[in-house]
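Laboratory data are not the source of any read-out in this text; all were calculated from the coordinates shown. Since this is a predicted model, take the numbers as computed values, not measurements. Here the Cβ positions follow ideal geometry from the backbone for every residue, glycine too, while neighbour counts run over all protein chains shown.
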Amino acid sequence: MSYLTLAVLLHWATAAIAPAHAGASAGAQRARPVIISTDPGIDDAIALLLALSSPELELRAIGINFGSLKNTTQLAQNALTVLALAGREDVPVYLGAERPLSQPFHDLGGPKFHGTDGLGGAYRAALPPSLAVNRSMSAAEFIVHACRHDASPKPPLLVSLAPLTNVALALNLEPRLPELCPDLYLMGGTVLAPGNVGFLSEANVANDPEAAARVLSAGFHTRVAGLDVTMATWLSHSFLASLQDLNVAGSFIWNITRFYERAHHELAGFEGGMPLHDPSTLLMFLQERSYELKRWPVWVDTSPFPSVSRGLMLPDRRGGPLSPPPPRDATVHFGMSVNATSVRQLLRARIAATSAEFE
């Protein structure tokens, strides 16, 4: 396996900093501010690169949440690595939840898929002193601060690529959060697809079902990219291989996904490729027409660990001709099917376009 060095990445990235920010276009001024809570994570790293390369989004901050690893310091370093690659030292990274909202942490197997460092061992370099965690406040505190004080025409978009603990903690600090920042996009759960950490459960929700139950009942206008769409958006080995010669971002993605692809083969028996988990959350915002969304009330099982139903996300899917419609306060929309070809094309186009932004 080849390893990218920080010196090479920063050589390419530094040239991008001035062009990317000196002359903001009208399109960039209309970009939606976004705050991402994440546990980087191989697929999280791809999602962050997608956000940074999408003119529809202005990444205001990254909040770190335990998940793929329990070590939030390492996860923060991974986020800073992606920012270094993108030449985006202006984006602050805040430490967030180190453990579930109210229950003990249980390792559900994240390191088996992401490696002990979260990036599959594909990146080994010290970050420069200019890239460091912002310790002025926690991730939850920043979410509240931004939602209270952001002066953009539209309030910040909240995106969760991790267990929902940071968002739940922000709700505890500011119960009006769904009014201040009403739009929440998240990767988590499953409706019909099999679980990935249990018979019925998906890792982000199962890592903190109490936080998921709190957030999903809070009244956010929520879009859920669960396993029903992320497993259906499979990235083949040939698709991943096609990225490595595009540019530095594509090479980075190819390197970090070697571990992830191998883990899906060795641990789950998949013959090549990987599911598109966290990036699907952003793709659902960027190209919502490619997703079939269903609005349903939802209940989250918080049975004590190690119950096989813990983390089950159970929507009320009754839809017969005489069934009652979903109540008006049911504000959670579940992605149930996806035009995978279309969203794969968009992902590849955005990664290809990073040559102009990052190099």
Self-check item: Label-point separation in nm, R318 to R176, each point 7 Å along Cα→Cβ
Solution: 3.6
Quiz item: Relative contact order of the chain: what whole-number percent is it, with Cα pairs under 8 angstrom and at least 6 residues apart?
Solution: 20
Self-check item: Spin-label pair E98/A151, simplified geometry with 7 Å Cα→Cβ offset, distance in nm
Solution: 3.6
Quiz item: So for the pair E271, W234, with labels modelled 7 Å out along Cα→Cβ, what separation do we get in nm?
Solution: 0.9
Quiz item: Going by a ≥ b ≥ c, the root eigenvalues of the Cα gyration tensor, does the stretch 176-237 fall in the rounded group (a/c under 1.5), the prolate group (a/b larger than b/c) or the oblate group?
Solution: oblate
Quiz item: What is the helix-to-structure angle for 72-86, meaning the angle in degrees between its Cα long axis and the longest Cα principal axis of the chain, kept from 0 to 90 and rounded to the nearest 10?
Solution: 50
Quiz prompt | Among M187, M231, M284, residue whose mean-square fluctuation peaks in a GNM of the chain (springs only between Cα atoms under 10 Å) | solution = M231
Practice problem: Select from M274, P325, P156 the residue farthest towards the positive end of the dipole of the chain; place +1 on Cβ of Lys and Arg, -1 on Cβ of Asp and Glu, and compute about the Cα centre. | Solution: P325
Practice problem: Tabulate in residue order the Karplus-calculated ³J(HN,Hα) for the stretch 57-64, using 6.51 cos²θ - 1.76 cosθ + 1.60 with θ = phi - 60°, rounded to whole Hz; enter x for Gly and Pro. | Solution: 10, 10, 6, 8, 6, 10, x, 8
Exercise. Take every Cα pair under 8 Å in the stretch 64-181 that's 6+ residues apart, average their separations, divide by the length, and report that relative contact order as a whole percent.
Key: 31
Quiz item: Which parts of the stretch 192-211 would a label at V308 reach, counting a residue when its backbone N lies under 19 Å from a point 7 Å out along Cα-to-Cβ?
Solution: 192-203, 206-207
Quiz item: Okay, helix-only estimate at 222 nm for the chain: each DSSP H run of n ≥ 4 adds -39500 (n - 2.57), divide by all residues, round to 500 deg cm²/dmol; what do you get?
Solution: -12000 deg cm²/dmol
Quiz item: Excluding S337 itself, what net charge comes from residues whose Cβ is under 10 Å from its Cβ, given Lys and Arg +1 and Asp and Glu -1?
Solution: -1
Practice problem: For every other residue with a beta carbon closer than 14 angstrom to the beta carbon of A47, add +1 if it is Lys or Arg and -1 if Asp or Glu, then tell me the sum. | Solution: -3
Quiz item: Considering only DSSP beta bridges whose two residues both sit in the chain, what percent are antiparallel, to the nearest 5?
Solution: 30
Exercise. Taking only Cα atoms and a 10 Å spring cutoff, compute GNM fluctuations for the chain and point out the largest among N207, N65, N255.
Key: N255
Exercise. First select every other residue whose beta carbon is under 14 angstrom from the beta carbon of P324; then total the charges, Lys and Arg +1, Asp and Glu -1.
Key: +2
Quiz item: In whole percent, what relative contact order does the stretch 261-342 give with Cα contacts below 8 Å and a gap of six or more residues?
Solution: 31
